[in-house]
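The values are calculated or read from the model by the stated rules, or taken from the named source; none is laboratory data. Quick caveat, the model's predicted, so the values are computed rather than measured. In this analysis, Cβ positions are derived from the backbone assuming ideal geometry, glycine residues included, and neighbour counts consider all displayed protein chains.
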Amino acid sequence: MLAVHTSDYRTLPIPALTGVLVLVSALLARAGTRNTYVKRKLVLTVALAIGYLLAYGLAVWAGTPPGIARSLGTVAPVLLVLAASNLIVLLAVNPFRQDRLPDHLPAILQDAITVAIFVTVVVLFFNDRLQLTAAAGAVVLGLALQNTLGNAIAGLALQADQPYKVGDWIRVGDHEGRVTQISWRSTVLRTRESTLVALPNSSIADGAIVNYSEPAPPTRVFVDVGVTYTAPPNHVKALMVDAIAQVPLAMASPGPDVLLVDFGASAITYRARCFVQDMERASLAQDQIRTALWYTFQRHGIEIPYPIQIEYSPATMPAVALPEQADLPSLIGNTALLGGLTPEARARLAASARPRLYGAGEVIVRQADTGRTSFLIARGEARVSLAPDDHEVARLGVGEVFGEMSWLTGDPRSATVTATRDTLVFELDDTVLRELADASASVLDTLADAVARRRQELESIFADTVHRHLPAVEPPASLVARMRRFLRLR
């Protein structure tokens, strides 16, 4: 039991030894721990212990007048009890060698335990005069700090219920962000803009709390988009799902889906949905989804209608600028693969080519997929990469052709080609190739010779960049035979 009379202080050295023990323990713990929270809170213990030793010294050895010495003798043990309570709680519940708080005992609950221990000791072991002084002080503080106490009580209630914890992404009213701190007065959120918002605990307790991190981190986000009535819904849904599957932030499992949600005045509204791992990046995921959908609709000629309140004539409708189709024969003529064809054959290819616009990061063809078309780059740039590590082996620019083996023989795609910026390609299908081969048998011979030369170039590139070797170059006669079988030519 701690005594509070100055006469006892003069005869018992134990209180001074206790103060020194608390001070030294706090200093050693602060020097040895890696926990920044414990380091910071131990400053209070050190300050209280020093205050206790000063008060004790003034009461005992400094020749202080009896009245003042008696007051110091009353206050000093209170400082010691508070210092010891803080020290015991910090060292008992926090990891000493890890810089984190325990999951079930955040800072606000640790403070509450410290206060509870302190109050219990004061009530049980200190004299009536001190208890009366503390009671009067409590009344004054309670009247002066009603809002603060309300926030503190609300903070304790929130921790008891635990609707969120530090690190969770939550929304409270109009505010959304990641919880960075829970204190007696407020909860601090870091928003997507990296600004800090301190919300009073009382306002949080009175409102609805949406926790996107519980029960599991993946959270579903959605984007609504209006599509013309002339596009079949099932076709639109399939294209949208394929587009979302290429979005980097969209999770593959659970996979994306699309719902038809409304028949609007000027468009059918579809809702594209997918899961993201981190709600903090939901806005970026929605941006990627909208971007992917625009490029997908543009390639497939699907319109995102304007509102019907304003009429637009087709002549004044904004459009994506595409190269003139008349420029294609010369572009085709400058390619290594197709330049050997006759002017008439190049013109036929140009007339049948379909423009396809891809955004940066979109996959144009994927390795091992089946296909019957090839592509000519008219604007932009694309990277060629190989599975399984997505190793880049080449960059393709304007006037270069890729996918020719699938176009000529139906072979699976040998590499993945991805647009590095907005890239316009013209797609050539096997229908026009069959027509050209029917009209002139020399077309396949010309293409076979060009493919053989290209395969030799690719073999050198693959050997230098990824230390892989392609299959042996196929003789032109054998390749022509395969092309004829694929095109079902007589």
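Restricting to region 116-130, count the residues that are touching a helix residue (DSSP H, G or I) at 6+ places or on another chain (Cβ under 8 Å), among the hydrophobic types (A, V, I, L, M, F, W, C) and assigned to a helix (DSSP H, G or I).
Adding up the residues that qualify gives 6.
Which one is modelled with the highest pLDDT among residues in region 87-132 that are among the aromatic types (Phe, Trp, Tyr) and more than 16 Å from Thr33 (Cβ to Cβ)?
Per the stated criteria, the residue is Phe118.
Does Arg271 satisfy the condition of being over 29 Å from Leu376 (Cβ atoms) and at pLDDT 95 or above?
yes
Of all the residues that make up region 375-408, how many are touching a Gly at 6+ places or on another chain (Cβ under 9 Å), of a type in the set (Gly, Ala, Ser) and on the phi < 0 side of the Ramachandran plot?
Summing the residues that are touching a Gly at 6+ places or on another chain (Cβ under 9 Å), of a type in the set (Gly, Ala, Ser) and on the phi < 0 side of the Ramachandran plot in region 375-408 gives 4.
Which residues, counting only those in region 381-422, are closer than 28 Å to Ala481 by Cα and loosely packed, with under 15 Cβ neighbours inside 10 Å?
Pro412
Look at Arg356 and say whether it is farther than 22 Å from Arg482 by Cα and under 43 Å from the mean Cα position of the chain (by Cα).
Here the answer is yes, as Arg356 does meet what is asked.
Pairs under 6 Å by beta carbon, first residue on the phi < 0 side of the Ramachandran plot in region 249-260, partner charged (D, E, K, R), six or more apart or different chains?
Leu249/Arg281; Asp257/Arg273; Val258/Lys237; Leu259/Arg271
Does Leu357 meet the test of being modelled with pLDDT under 90 and in contact with a helix residue (DSSP H, G or I) (Cβ under 6 Å, 6 or more places away or on another chain)?
no
Looking at region 224-234, is at least one residue at pLDDT 90 or above and in contact with a Leu (Cβ under 7 Å, 6 or more places away or on another chain)?
Within region 224-234, one or more residues are at pLDDT 90 or above and in contact with a Leu (Cβ under 7 Å, 6 or more places away or on another chain).
On the given criteria, is Arg192 within 26 Å of Tyr37 (Cα to Cα), basic (Lys, Arg) and modelled with pLDDT of 90 or more?
Here the answer is no, as Arg192 does not meet what is asked.
For region 26-63, enumerate the residues that are closer than 24 Å to Phe125 by Cβ and of a type in the set (Ser, Thr, Tyr).
Thr45, Tyr52, Tyr56, listed by residue number.
Being in contact (Cβ under 8 Å) with a residue 24 or more places away in the chain and either outside the structural domain of Ile289 (by TED's automatic domain parsing) or among the aliphatic types (A, V, I, L, M) (or both) is the requirement here; does Leu396 meet it?
Against the criterion (in contact (Cβ under 8 Å) with a residue 24 or more places away in the chain and either outside the structural domain of Ile289 (by TED's automatic domain parsing) or among the aliphatic types (A, V, I, L, M) (or both)), Leu396 does not qualify.
Filter region 213-243 for residues that are more than 30 Å from Leu189 (Cα to Cα), of a type in the set (A, V, I, L, M) and touching a residue at least 40 places away in the same chain (Cβ under 8 Å) and give the result.
Passing the criteria: Val225, Val227, Ala231, Val236, Leu239, Met240, Ala243.
Enumerate the pairs (first residue in region 382-393 and over 13 Å from Val365 (Cβ atoms); second residue anywhere and in a loop (DSSP other than H, G, I, E, B)) with beta-carbon separation below 8 Å, excluding pairs fewer than 6 apart on the same chain, so at least 6 apart or on different chains.
Cβ pairs passing all conditions: His391/Val466; Val393/Ala415; Val393/Val466.
Go through Thr74, Thr33 for me and flag whichever is out of contact with any strand residue (DSSP E or B) (no Cβ under 8 Å at 6 or more places or on another chain), modelled with pLDDT of 85 or more and either more than 23 Å from Gln110 (Cα to Cα) or not hydrophobic (A, V, I, L, M, F, W, C) (or both).
Thr33
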